[in-house]
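The values are calculated or read from the model by the stated rules, or taken from the named source; none is laboratory data. Quick caveat, the model's predicted, so the values are computed rather than measured. Note that each Cβ is placed from the backbone with ideal geometry, even for glycine, and that neighbours are counted across all protein chains shown. When the accessible area is computed, the model is the full protein with side chains, heavy atoms only, and any ligands, DNA or RNA have been set aside. Shrake-Rupley method; radii C 1.70, N 1.55, O 1.52, S 1.80 Å.
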Amino acid sequence: MNARNFVINTITDQIRNGMLLRKPVIYLQTTDLEIVRRVLNSDEIVVRMTKYPMDTIVPYSSVYCDDSDIYHSALIDYNIVNMDCCSLKELPGRICSGSDDDGCYGRFTINKKSNYLLPSLLAVHVRKNTSPYNDVSAYDALLPFVDRYLQETDDSCAIRSSAVLLYGDQLELPSWLKTYCYIVEEPYPQSEEIAAIIYNKISQSNCVLADDTIESYVSWFLGNSLIQVEDTVDYLLNLPRDILTGRPMIENIHEVQKVLATLKEQNVKRIGLLELQKVDEKENLGGMLAFHQWLDGNKESILQADRILRRTGATGHKGILMCGVPGCGKSAAVNLLAKSLELPVIKMDIGRLMGGIVGESEHNMHLALRLAEAMSPCILYIDEIEKGFSGSGGRGEDTSGVTKRMFGILLSWMQDCIKPVYIFATANSLSGIPKEFFRSGRFDSHFALYMPTRGECIDIFKKRMEKAESIVSEYNKQDELFMKQCFDDDKLGLVVDHLLFEENGQKKGRFITGADITKLVNMALRQFTQRTGAISHTDWINALKRVSDSTIMYGDGNENLDSIAVCYLRMMRLGFTPTSDDCLFSPKDYAVEYTDEGIGISISEKSEFKSDYDRVLYQTIREKMVFMAAKLEENAIIELIR
């Protein structure tokens with residue numbers, strides 16, 4: 001059986017089930033007109049209700065005669081249906097809504113013939129409409145048909161073998177119609193079904209593909225319909241042969257992956273709810289040694305989620321929630337995760353899912369999660385999740401309840417999903433995230449990103465310089481960007497130490513994030529556009545110092561320092577694991593004691609540091625944390641009992 005027959009048979013089976021369940025309206029959730037056309041031309045939709053056994057499927061053919069005896073002869077000849085299509089806007093003119101005195105009430109007007117007596121199939125196209133009220137009233141045209149259908153008790157009559165087939169991307173049906181409507185979803189294929197198509201196509205050609213090659217192709221096809229898979233395999237088989245090897249192009253795994261990557265990207269764009277994020281192969285994550293170690297230790301179990309489920313019944317890893325100061329590497333961390341696991345990254349923007357029609361946002365969330373499951377194994381990346389669900393914590397921001405319902409859909413899916421969809425969610429602040437996100441079964445790990453220490457800053461400088469060097473070498477492999485001494489830890493440390501200064505007899509500092517370091521490297525490199533050779537370490541360090549004096553850092557000023565301190569307190573209160581093995585703060589440093597006199601808070605004080613920069617950073621942030629901690633605890637208690 002080819003892919004098209006498999007899809008059509010799956011859909012028609014569901015439609016027949018709906019009709020056997022006495023549902024007068026079927027809603028096929030697809031915008032693929034090829035699927036709709038093949039379903040309508042199928043011979044297996046109309047169901048005989050009484051004359052034949054319940055599971056007997058009677059085919060239909062178009063009837064072009066008004067003879068009143070046609071219906072009775074059709075019962076004998078099995079030619080029992082007429083079919084026509086219209087838009088939702090045209091629907092009121094296709095169903096008779098007059099009195100029942102003439103027996104025409106609820107019947108279809110098909111092919112410009114009035115009040116058709118035969119069992120009929122009326123296909124109605126529905127679509128998104130920015131003015132939903134017109135569509136809602138158009139649905140009322142179905143009332144006469146549904147009413148007449150329900151009035152009849154004899155299943156052998158024509159109307160009980162008729163149906164209205166809605167298809168398209170309508171988001172919310174009227175409440176009265178949901179009771180009488182059967183929902184049919186376009187199926188996404190499983191890995192086994194995709195592999196069967198590839199094996200079948202390959203066997204009919206003179207190509208030879210290893211099993212591991214086919215397995216890699218299958219993973220790239222996930223998230224596409226079976227019809228798309230079949231068409232793409234045919235396309236690959238018809239490509240000109242490889243010029244170098246003379247073999248069919250489908251055997252060239254690198255060329256095939258380019259085609260399949262484009263197909264997957266186009267499929268995500270077609271749906272428009274998610275975004276396929278490209279992985280930057282040149283990007284290397286500086287610092288975060290503890291996160292690197294965690295990833296190395298859990299990589300195999302993440303990738304073997306399907307196998308673990310089949311052999312042990314245990315569900316795989318759910319995902320990571322990473323919170324921290326803006327610019328400290330959360331986006332770079334998801335890039336590292338994608339490179340390490342070699343999985344596609346599907347980005348979910350909560351704002352993109354929001355719609356103006358009632359029920360549209362919730363429907364979009366369902367569709368987006370269904371697509372993520374279809375594309376598994378994959379990484380579902382939700383950036384700044386606290387902004388997307390800021391109204392779901394019961395603080396009154398979400399007056400319509402849409403955000404809260406979307407949040408509930410996501411939570412339920414995170415709990416129940418057994419597909420290998422690994423979630424990577426980031427947050428700049430934990431204040432807007434509902435407490436339900438932190439319960440077991442939602443995320444496996446909670447990581448905290450703190451401001452980088454001096455050693456981590458040096459490592460980030462080196463990673464950014466290596467990336468710049470790799471870009472230059474792509475254009476000219478003989479062109480050396482930096483002399484080796486530029487990567488020396490002691491010399492790069494001079495740039496970090498340059499950020500310290502004296503004020504009123506006390507040592508102060510300007511504190512930098514990973515994003516600040518990227519900015520400094522780019523600003524410094526622009527000063528060497530006329531260079532004739534590799535940049536010397538003296539020129540490079542001086543350039544970095546100059547640009548650091550001329551720009552603003554995230555750790556400048558009290559406002560950002562206050563927000564950093566609050567972010568630290570919240571991460572420590574919730575026990576988030578630091579991504580660094582050389583972190584200045586950890587959850588065990590924070591302790592709260594409730595007494596009759598009030599709330600007692602202690603933040604243990606360190607005395608040993610690896611550098612002056614680390615000591616000044618620690619003292620500056622800790623001083624603000626001590627000042628704010630009591631107020632933060634009081635607000636947390638008020639929020640809980642409110």
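Quick notes on this one:
- Matching helices (runs of 4 or more DSSP H) fully within the stretch 239-342 where at least 3 residues are at pLDDT below 80: 253-271, 305-312
- In the stretch 1-39, residue most open to solvent (accessible area, probe 1.4 Å) [restricted to those that are of a type in the set (A, V, I, L, M), farther than 28 Å from S175 by Cβ and modelled with pLDDT of 75 or more]: L33
- Among the residues of this structure, K610 counts as one that is touching a residue at least 60 places away in the same chain (Cβ under 8 Å), open to solvent by 20 Å² or more (accessible area, probe 1.4 Å) and either of a type in the set (K, R) or part of a helix (DSSP H, G or I) (or both).
- Scope the stretch 250-265; condition among the polar types (S, T, N, Q) and either open to solvent by 60 Å² or more (accessible area, probe 1.4 Å) or in contact (Cβ under 8 Å) with a residue 60 or more places away in the chain (or both); matching residues: T262
- For the stretch 531-561, taking the residues that are open to solvent by 50 Å² or more (accessible area, probe 1.4 Å) and of a type in the set (D, E, K, R), the one that is nearest to Y618 (Cα to Cα) is identified as E559.
- Pairing residues of the stretch 177-205 that are among the polar types (S, T, N, Q) with residues that are open to solvent by less than 20 Å² (accessible area, probe 1.4 Å), at Cβ distances under 6 Å and at least 6 apart in sequence or on separate chains, gives S191/V218.
- The single condition among (1) aliphatic (A, V, I, L, M); (2) without any contact (Cβ under 8 Å) to a residue 60 or more places away in the chain; (3) in contact with a helix residue (DSSP H, G or I) (Cβ under 6 Å, 6 or more places away or on another chain) that M322 does not meet is (2).
- Candidate set from the stretch 523-557 (those that are in contact (Cβ under 8 Å) with a residue 24 or more places away in the chain and within 37 Å of the chain's Cα centre (by Cα)); member that is farthest from F487 (Cα to Cα): D556
- Index of the failed condition, L481 passing every other in (1) open to solvent by less than 30 Å² (accessible area, probe 1.4 Å); (2) among the hydrophobic types (A, V, I, L, M, F, W, C); (3) touching a Cys at 6+ places or on another chain (Cβ under 8 Å): (3)
- Failed item, numbered, when N224 is tested on (1) assigned to a helix (DSSP H, G or I); (2) surrounded by 14 or more Cβ atoms within 10 Å (Cβ to Cβ): (1)
- Matching residues in the stretch 562-577 - criterion: being buried (at least 22 other Cβ atoms within 10 Å of the Cβ), under 27 Å from the mean Cα position of the chain (by Cα) and not in a loop (DSSP other than H, G, I, E, B): C567, M571
- Of all residues in the stretch 179-193 being at pLDDT below 85 and either closer than 23 Å to H366 by Cβ or β-branched (V, I, T) (or both), the one that is surrounded by the most Cβ atoms within 10 Å (Cβ to Cβ): P189
- Every condition in (1) farther than 19 Å from F437 by Cβ; (2) polar (S, T, N, Q); (3) surrounded by fewer than 18 Cβ atoms within 10 Å (Cβ to Cβ) holds for T315 except the one numbered (1).
- Set E469, E474, E502: member being assigned to a strand (DSSP E or B) and among the acidic types (D, E): E502
- Number of positions in the stretch 582-606 that are among the acidic types (D, E) and at pLDDT 85 or above: 2
- For the stretch 580-607, the set of residues classified as in a loop (DSSP other than H, G, I, E, B) and either open to solvent by 30 Å² or more (accessible area, probe 1.4 Å) or without any contact (Cβ under 8 Å) to a residue 60 or more places away in the chain (or both) consists of D581, D582, C583, S586, D596, E597, S604, E605, K606, S607, listed by residue number.
- Residue in the stretch 217-237 that is farther than 27 Å from E360 by Cα and without any contact (Cβ under 8 Å) to a residue 12 or more places away in the chain present: yes
- Under the condition of being open to solvent by 70 Å² or more (accessible area, probe 1.4 Å) and β-branched (V, I, T), the residues counted in the stretch 196-217 number 1.
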